[in-house]
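What follows is a set of notes on a single structure, which appears directly below.
The values are calculated or read from the model by the stated rules, or taken from the named source; none is laboratory data. Keep in mind that this is a model prediction, so the values were computed, not measured. When we count neighbours, we look across all protein chains shown, and the Cβ atoms used for this are built from the backbone with ideal geometry, even at glycine. These area figures cover heavy atoms from the full protein model, side chains too; ligands, DNA and RNA do not enter into them. Shrake-Rupley method; radii C 1.70, N 1.55, O 1.52, S 1.80 Å.
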Amino acid sequence: MKKIGVLTSGGDAPGMNAAVRAVVRKSIFHDMEVFGIYNGYQGLMEGNIKKMELGSVGDIIQRGGTILYSARSEEFKTEEGQQAAIKQLKKFGIEGLIVIGGDGSFRGAEKLTKKGYPCIGVPGTIDNDIPGTDFTIGFDTALNTIIDAIDKIRDTATSHERTYVVEVMGRNAGDLALWAGLADGAESILIPEKPDDFKSVVDKLVRGQERGKKHSIIILAEGVGSGFDYGHRIEEATKMETRVTILGHIQRGGSPTGFDRVLASRLGAKAVDLLLEGKAGRVVGIQKNELVDHDIVEILTHSHEINMDMYRLSNELSI
Ligand code: ADP
């Protein structure tokens, strides 16, 4: 393989740039030409493609977002869209593709692989919701952004003796809520994987109040429902002053943590290695600190499992 392409797709995540840098530098290290595809699959269909040099990825390892930009493309889901993409790949002589993104992006990669264009997926999403890897690129940075925000909320919660409901990202996966909850000593953590037990949340708040607790923090993953609605219900049930904070898109941004930069560098480089070995339709990951790769179809047909031991631990530590 002499010419490969790299794109970022779907929701952006801090560390995507570090992954792009690793792909570009590792490809050039192996004497390959590497092309940056801008705006995800949309840019691929439109031929928004530029050859990358060593300097194209200088000074980006520390930057959040993605210098290749990201886009969502409905058109690429169609046969015509995929044919348009293949036309561009042929035009530029690109023989293989590295796709940095989440499971939606991997579905696109699987389609291209089936049509004869070997793709390798690199899991980049703050949600940590990709099976076959312990961590996805961006999760650690988003987690630390949440921790920083909740530490600040805690200061004001204590001063005013309030209950705070903090809504964090995670439509289907509760990892951010769970890890942030453990890291912040939250009273309750509400995740999509575990049905809502409103009564035990309320009982815990009341017990805390009875023993003189000054504040309580409840972390709710967005997939569970609206933080505002939950806050109202809590206030009605406990008669405690309750405030709600929706952290929103600040969780997506910021400079990646050391962990995410290293993870992204390792996974990006591993993806290049796989293409060089002639592999196709694989997704890279990290398990027990070892780099691994799995069949893309296997990844798409399994779902990520949250660590229920950690969930139980959080309950034990917040009695
Ligand atoms: P993420 O990769 O973060 O899960 P999306 O689900 O939005 O993000 O997917 C990103 C893009 O991947 C979509 O906009 C679309 O272009 C492409 N994609 C998603 N599903 C498919 C599919 N079934 N077939 C082809 N392309 C797809």
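Considering the conditions (1) buried (at least 23 other Cβ atoms within 10 Å of the Cβ); (2) within 21 Å of Arg25 (Cα to Cα), Asp293 is excluded by exactly one of them, (1).
If you filter the stretch 179-199 down to residues that are in a helix (DSSP H, G or I) and in contact (Cβ under 8 Å) with a residue 12 or more places away in the chain, you find that the one that is most open to solvent (accessible area, probe 1.4 Å) is Trp179. Do we find that Lys51 is part of a strand (DSSP E or B) and over 25 Å from Thr125 (Cα atoms) in this structure? Judged against the criteria, Lys51 is a match.
Only one of the numbered conditions (1) touching a residue at least 12 places away in the same chain (Cβ under 8 Å); (2) outside any strand (DSSP E or B) is violated by Lys90, and that is (1). Scanning the stretch 84-129 for residues that are open to solvent by less than 10 Å² (accessible area, probe 1.4 Å), within 12 Å of the ligand (Cβ to nearest atom) and closer than 21 Å to Ala269 by Cβ yields Val99, Ile100, Gly101, Ser105, Phe106, Ala109, Cys119, Gly121, Val122, Pro123, Gly124.
Residue count for the stretch 66-79 under the criterion of being surrounded by 14 or more Cβ atoms within 10 Å (Cβ to Cβ) and either hydroxyl-bearing (Ser, Thr, Tyr) or away from the ligand (no atom under 14 Å from the Cβ) (or both): the result is 5. Whenever a residue of the stretch 220-231 is β-branched (Val, Ile, Thr), its partners that are part of a loop (DSSP other than H, G, I, E, B), lying with C-beta atoms within less than 6 angstrom and at least six residues away or across chains, give the pairs Val224/Pro192.
For the subset of the stretch 38-65 comprising residues that are of a type in the set (Asp, Glu) and in contact (Cβ under 8 Å) with a residue 12 or more places away in the chain, which member is farthest from the ligand (Cβ to nearest atom)?
Filtering the stretch 38-65 for residues of a type in the set (Asp, Glu) gives 46, 53, 59.
Checking the rest, the ones that are also in contact (Cβ under 8 Å) with a residue 12 or more places away in the chain come to 46, 53.
Values: Glu46: 13, Glu53: 27 Å.
So, considering only residues that are of a type in the set (Asp, Glu) and in contact (Cβ under 8 Å) with a residue 12 or more places away in the chain, the one farthest from the ligand (Cβ to nearest atom) is Glu53.
Considering each residue of the stretch 258-290, count those that are at positive phi and open to solvent by 70 Å² or more (accessible area, probe 1.4 Å), and give that number. Break it down into steps so the answer makes sense when it comes.
The initial filter retains those residues of the stretch 258-290 that are at positive phi, namely 278, 281, 288-289.
Subsequent filtering for residues that are open to solvent by 70 Å² or more (accessible area, probe 1.4 Å) retains 288-289.
Qualifying residue count for the region: 2.
Looking only at residues in the stretch 200-231 that are closer than 20 Å to His304 by Cβ and among the small types (Gly, Ala, Ser), which one is surrounded by the fewest Cβ atoms within 10 Å (Cβ to Cβ)? Walk me through it before giving the result.
Filtering the stretch 200-231 for residues closer than 20 Å to His304 by Cβ gives 219-224.
Pick out the ones that are also among the small types (Gly, Ala, Ser) and you get 221, 223.
Values: Ala221: 28, Gly223: 17.
Looking at residues that are closer than 20 Å to His304 by Cβ and among the small types (Gly, Ala, Ser), I get Gly223.
Of all residues in the stretch 26-48, exactly one satisfies the criterion of being over 26 Å from the mean Cα position of the chain (by Cα), buried (at least 17 other Cβ atoms within 10 Å of the Cβ) and assigned to a loop (DSSP other than H, G, I, E, B), namely Met32.
Evaluating Ala142 against the criteria (1) part of a helix (DSSP H, G or I); (2) open to solvent by less than 10 Å² (accessible area, probe 1.4 Å); (3) more than 16 Å from the ligand (Cβ to nearest atom) leaves one unmet condition, (3).
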